[in-house]
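To start, the structure under review is shown below, and the notes come after it.
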There are 2 protein chains.
Amino acid sequence: MAQPSRYFVTGGAGFIGSNLVDRLLADGHDVTAYDNFSTGQRNFLKSALPQQRFQLIQGDLLDVPALTSAVAGHDVVFHLAANADVRFGADHPRRDLEQNTIATHNVLEAMRQTGVRQIAFSSTGSVYGEPDVFPTPENAPFPVQTSLYAASKLAGEALIEAYCAAFDMRGFIFRFVSILGERYSHGHVFDFLQQLSADPTRITVLGDGRQRKSYLYVQDCISAMLAALQRASGQVNILNLGAEEYCTVNDSLGWICRRLGVEPQVQYTGGVRGWIGDSPFIFLDTARIRSLQWRPSLTIEQAILKTVDYLRENQWLLGSRRGG
Amino acid sequence: MAQPSRYFVTGGAGFIGSNLVDRLLADGHDVTAYDNFSTGQRNFLKSALPQQRFQLIQGDLLDVPALTSAVAGHDVVFHLAANADVRFGADHPRRDLEQNTIATHNVLEAMRQTGVRQIAFSSTGSVYGEPDVFPTPENAPFPVQTSLYAASKLAGEALIEAYCAAFDMRGFIFRFVSILGERYSHGHVFDFLQQLSADPTRITVLGDGRQRKSYLYVQDCISAMLAALQRASGQVNILNLGAEEYCTVNDSLGWICRRLGVEPQVQYTGGVRGWIGDSPFIFLDTARIRSLQWRPSLTIEQAILKTVDYLRENQWLLGSRRGG
């Protein structure tokens with residue numbers, strides 16, 4: 001199979017999406033970004049926008065006719081658009097259903113109707129709920145969902161698997177740990193920097209700070225997805241993406257404070273979970289993606305420090321968004 | 001906990017739903033059936049309708065205001081309404097999304113908004129896809145979905161689990177094998193009888209006839225659900241419901257033909273699957289429901305013969321529906 005060259009990226013103006021757009025363009029591909037700019041940033045596409053091989057379509061995944069005509073003519077869809085607001089699902093349960101589950105259905109239908117046959121999907125390690133096995137492999141015991149976010153992502157995975165079986169499509173489902181790096185604008189590092197830039201003498205940490213989490217640098221995440229598209233041979237390929245290590249929230253806070261040169265008083269909200277549906281321990285088995293000759297280039301500590309440096313150089317982002 | 005006594009049954013005019021309504025009324029409970037009569041039969045409610053403790057509401061699960069006001073004031077929701085058209089999912093992919101996934105979301109939202117805290121859900125053994133472990137336990141390895149129907153049911157399971165975690169609800173998720181018995185109007189026995197009543201000399205069997213399947217008698221299914229509601233103690237209780245045996249499609253055909261006194265020529269469509277997404281082997285581990293002091297009263301052969309007898313006495317049903 002010749003390498004496909006026309007990529008369609010939903011959420012193409014987002015954190016991971018815009019980094020992927022830049023990488024695909026650098027590799028010589030044609031790229032269409034589809035984004036409704038609910039959280040995407042036009043600023044993230046400033047190097048992509050002038051390029052001939054790039055097209056930006058402002059559109060919503062719930063607008064089926066617009067989506068269908070936009071998808072036509074591509075070889076591969078990277079479906080990265082999502083409500084990534086993991087912590088606040090219980091405040092607006094319909095948002096996860098619409099933005100994650102129904103949107104994924106719409107993407108698949110648009111592909112089926114226009115004959116686009118390959119989809120890559122950003123799922124989450126949260127679909128394992130609170131697993132008993134660490135590191136957690138892709139074929140861990142059938143999990144019980146603990147958050148609306150993960151439930152809506154699992155529904156997206158299931159839809160992709162069923163479409164592949166029914167309509168002879170190929171699917172790549174990536175279960176991410178939390179991703180860090182340039183254009184990161186959401187999550188605990190963001191939240192910590194936002195708090196410390198408002199008041200460097202104190203910080204509130206959700207939970208007890210001992211939650212164990214794994215992280216991955218965005219450029220490593222993108223390399224892993226592209227390695228899978230090139231080398232995984234199944235009709236449905238499910239792959240954990242993460243580092244071969246984990247850290248505690250307190251480790252991360254320590255690295256961040258040292259980088260910033262601050263020593264805040266830390267107040268913990270208490271409990272082993274930061275919020276309802278927060279998993280106290282996330283550590284994925286990445287043997288499957290490693291078997292495709294992929295390795296991360298940064299450690300978790302390096303990825304966190306790179307993210308801190310990026311956010312310090314891009315203060316506008318800290319001001320623009322609620323942490324999450 | 002006193003036993004709840006106000007039950008709300010979605011799909012209450014359907015095959016399993018109407019049998020459940022009759023059982024709950026016989027046990028002295030108040031019952032509301034909610035059904036849009038897309039496949040439900042008013043005829044199935046003829047013993048329920050005159051009873052004071054029974055209320056029928058004709059309504060659709062996609063009609064959120066109607067659903068919400070109907071759900072209010074109940075103790076337990078049995079959410080049985082679904083598109084059960086397992087074989088034809090690829091012909092109308094949005095139907096499974098709407099009737100199974102979005103409808104389940106709407107039921108949960110209606111419950112949350114009106115303070116109803118217990119939900120029992122009819123899921124399917126098909127969520128195990130094509131498992132490697134037989135009999136298949138509830139914590140089998142994380143499956144890959146092979147049909148739009150099962151994908152939409154898995155999404156329903158995930159939503160229920162997430163709602164239980166987020167909103168302190170209790171959930172009972174039942175993964176059914178195929179259910180047989182009185183008011184059965186859908187599936188291979190129905191299809192065989194429909195064919196043989198049109199022409200008793202020949203029959204077409206989907207696949208190679210060697211598919212191994214498990215079945216359960218509807219009254220045993222209902223007893224199992226009620227046993228779980230009384231005795232299972234978890235916040236989320238996931239339970240396989242099935243017989244401790246399986247048979248082949250050819251076994252079933254043989255029993256049916258002997259009962260009817262016919263010897264048709266059998267033509268097989270071929271292949272190990274009857275249709276895309278058909279699982280060649282379904283056999284669930286039922287140790288969990290058995291640990292709650294439940295046992296089926298009929299063997300698979302007895303359940304099939306009872307179904308044949310029922311359909312022969314209710315020819316109107318054979319004429320009314322496409323087999324599936």
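Considering only the range B:108-122, state which residues are in contact with a Leu (Cβ under 8 Å, 6 or more places away or on another chain) and within 12 Å of another protein chain (Cβ to nearest Cβ).
B:108, B:110
List the pairs whose first member sits in the range A:143-158 and is within 20 Å of residue A:172 (Cβ to Cβ), whose second member is buried (at least 24 other Cβ atoms within 10 Å of the Cβ) and among the charged types (D, E, K, R), and whose Cβ atoms are under 6 Å apart, counting only residues at least 6 apart or on separate chains?
Filtered contacts from the range A:143-158: A:152/A:96.
May I ask you to say which residue of A:17, A:11 is touching a residue at least 24 places away in the same chain (Cβ under 8 Å), farther than 16 Å from residue A:108 by Cβ and assigned by TED's automatic domain parsing to the domain that holds residue A:150?
Criteria check complete, one pass: A:17.
Condition test on residue B:258, is it of a type in the set (D, E, K, R), surrounded by fewer than 16 Cβ atoms within 10 Å (Cβ to Cβ) and in the same structural domain as residue B:173 (by TED's automatic domain parsing)?
no
Condition first: at pLDDT below 90 and outside any helix (DSSP H, G or I). Now tell me which residues in the range B:304-324 satisfy that.
Within the range B:304-324, B:321, B:322, B:323, B:324 meet the criteria.
Can you name every residue in the range B:24-40 that is surrounded by fewer than 17 Cβ atoms within 10 Å (Cβ to Cβ), on the phi < 0 side of the Ramachandran plot and not small (Gly, Ala, Ser)?
Hit for the range B:24-40 is B:27, nothing else.
With the condition kept exactly as written, say whether any residue in the range B:190-202 is within 18 Å of the chain's Cα centre (by Cα), more than 8 Å from chain A (Cβ to nearest Cβ) and either outside any loop (DSSP other than H, G, I, E, B) or buried (at least 22 other Cβ atoms within 10 Å of the Cβ) (or both).
yes
If the requirement is being at the interface with chain A (Cβ under 7 Å from one of its Cβ atoms) and surrounded by fewer than 24 Cβ atoms within 10 Å (Cβ to Cβ), which of these qualifies: B:162, B:166, B:151, B:155?
B:166
Just for the range A:123-148: of the residues that are more than 9 Å from every other protein chain (Cβ to nearest Cβ) and among the β-branched types (Val, Ile, Thr), which one is surrounded by the fewest Cβ atoms within 10 Å (Cβ to Cβ)?
A:133
With the requirement that a residue be closer than 23 Å to residue A:191 by Cα, in a helix (DSSP H, G or I) and without any contact (Cβ under 8 Å) to a residue 40 or more places away in the chain, what does the range A:77-98 give you?
A:91, A:95
Looking only at the range A:85-99, decide whether some residue is of a type in the set (A, V, I, L, M, F, W, C) and more than 8 Å from chain B (Cβ to nearest Cβ).
yes
Scan the range B:130-189 for residues that are in a helix (DSSP H, G or I) and acidic (Asp, Glu) and jot them down.
B:157, B:161
Looking at (1) surrounded by fewer than 19 Cβ atoms within 10 Å (Cβ to Cβ); (2) at pLDDT 95 or above; (3) assigned to a helix (DSSP H, G or I), which is the one condition that is false for residue B:102?
It fails just one condition, (1).
Consider the range A:169-189. How many of its residues are within 14 Å of chain B (Cβ to nearest Cβ) and of a type outside the set (A, V, I, L, M)?
The qualifying residues number 4.
Please work out if residue B:85 is farther than 23 Å from residue A:90 by Cα, crowded, with 18+ Cβ neighbours inside 10 Å, charged (D, E, K, R) and more than 19 Å from the chain's Cα centre (by Cα).
no
Could you please give the count of residues in the range B:291-311 that are touching a residue at least 12 places away in the same chain (Cβ under 8 Å), over 19 Å from the mean Cα position of the chain (by Cα) and over 26 Å from residue B:210 (Cα atoms)?
Final tally of qualifying residues: 2.
The values are calculated or read from the model by the stated rules, or taken from the named source; none is laboratory data. These numbers come from a predicted model, not from an experiment. Note that each Cβ is placed from the backbone with ideal geometry, even for glycine, and that neighbours are counted across all protein chains shown.
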